[in-house]
Structures are given as C-alpha cells and as structure tokens.
Amino acid sequence: MGRLVAVLMGLMASLGPAAGQIQIYGPDALIEAVLAGDYDTTGSILRRGTSVNRVDQYGKTPLITAASAGHEDIVELLIKHKATINRKDRIGGTALSYAAQRGRVGIVDILLDSGADINTENRQGLTPLMIAASAGRLEIVQALLDRKAATTRNDYTGRTALDWAKRNNHQSVVRVLRAAGVTE
C-alpha cells in the first residue's frame with residue numbers, strides 16, 4: 001500500500017504547476033472574476049500583484065478560462081498583464097484551442113495577433129484546426145486557414161482536420177477545407 005501511495009504522490013507531483021506558478025485549489029478571486037466576465041474586478045486583482053499565470057486544479061490559467069468563456073476584453077487585459085499565451089493545461093489545451101472549440105472568433109484573432117502557436121497540439125495530437133473542424137466551427141476553420149494553419153497534420157489516431165469534419169458530418173467545414181486545397 002505504501003508503494004502505491006508513493007507512486008501516486010510522484011505522479012501528482014509531476015502534474016504540478018511549472019516553476020513560478022501558483023497552484024489554486026478551491027475558490028479563487030481572480031478566476032471567479034474572469035469567469036463572471038467582471039473586467040473591473042479582474043483588473044483590480046491584477047493591479048494588486050496577483051499572478052496572472054496562476055493555475056487551478058486542472059492547470060487552467062485565467063487566460064484559458066477567459067478564452068473559453070468568450071470574454072474578449074478580459075483576454076486582452078490578461079495579455080496586457082503578461083499572461084503566458086501558449087500555456088497548456090493538464091490535457092494540453094491552450095487558450096487558442098479552447099477558443100477554437102467554443103467558436104470564439106474574436107478571441108482566436110486576439111490570441112494569434114499576440115503570438116499564440118497556431119499549430120499547437122494537445123495530448124491527443126489535436127491542433128486548433130482539428131478541434132474547430134471536429135466541432136463544426138466554420139468561422140474558426142476559415143480564420144485558421146487564412147492564418148496558414150497546417151492542414152496536413154495528423155493526430156495520434158491518424159486523423160486530419162478534414163477527417164474530423166467528415167467524421168462529425170460538418171459538410172460546410174469539409175467544403176471549406178477542400179476549397180483550401182486539403183485532400184484525403
């Protein structure tokens with residue numbers, strides 16, 4: 001039993017925050033303000049010196065949370081306060097991949113303009129283009145194609161963005177990908 005506990009403790013430690021990151025378990029004023037879309041409170045908390053790159057129990061930063069929730073003004077505020085753009089959560093998701101999955105076109109543009117890695121992969125090897133194609137997010141797919149996202153990448157199962165669009169029956173996305181020159 002002691003060996004199992006030691007192995008589990010080692011595994012949990014390996015998933016811990018990166019150096020200089022603050023791990024948060026339970027309610028956190030910054031994350032709550034970001035989730036609520038409360039720009040003024042978010043700004044006030046950041047001005048008091050709270051770490052913009054703190055993470056919750058899932059490894060999500062305030063930037064990932066804001067991007068997922070669709071709060072463009074807060075995304076810009078967090079970036080202004082030096083949020084790490086390409087920080088990944090425990091499943092390898094970034095602010096860009098969550099924005100792509102949720103169809104947040106404005107946030108995708110803000111993140112890409114701020115240096116987000118357009119071809120970043122999560123732990124399953126999915127890129128933001130694959131995620132958007134899988135979810136049927138036509139506007140996001142087009143925005144990523146316009147910004148030269150890689151179209152020939154494969155995830156760990158061998159699927160491409162086109163495969164994901166076809167698998168989930170998103171015919172408009174399939175047409176856009178094919179029009180961009182993506183083939184089988």
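The values are calculated or read from the model by the stated rules, or taken from the named source; none is laboratory data. Computed from a prediction, not measured in an experiment: that's the story for all the values here. Using ideal geometry, Cβ is built from the backbone for each residue, glycine included, and neighbour counts are taken over all protein chains shown.
Structural remarks
- Among the residues of segment 144-160, some residue qualifies, meaning at least one is closer than 19 Å to I64 by Cβ and not hydroxyl-bearing (S, T, Y).
- Condition met for D113 (assigned by TED's automatic domain parsing to the domain that holds D56, of a type in the set (D, E) and over 17 Å from S68 (Cβ atoms)): yes
- Residue match in segment 57-69 (condition: on the phi > 0 side of the Ramachandran plot, modelled with pLDDT of 95 or more and not in a helix (DSSP H, G or I)): no
- Filtered residues of segment 90-100 (kept if over 12 Å from L144 (Cα atoms) and either among the basic types (K, R) or out of contact with any Ser or Thr (no Cβ under 7 Å at 6 or more places or on another chain) (or both)): R90, I91, G92, G93, A95
- Residues in segment 153-184 that are surrounded by fewer than 16 Cβ atoms within 10 Å (Cβ to Cβ) and closer than 17 Å to Q124 by Cβ: N154, Y156, T157, G158, R167, N168.
- In segment 102-123 there is no residue that is over 24 Å from E139 (Cα atoms) and crowded, with 18+ Cβ neighbours inside 10 Å.
- Matching entry among A116, A143 (being assigned to a helix (DSSP H, G or I), free of Cβ contacts under 8 Å to residues at least 60 places away in the same chain and not aromatic (F, W, Y)): A143
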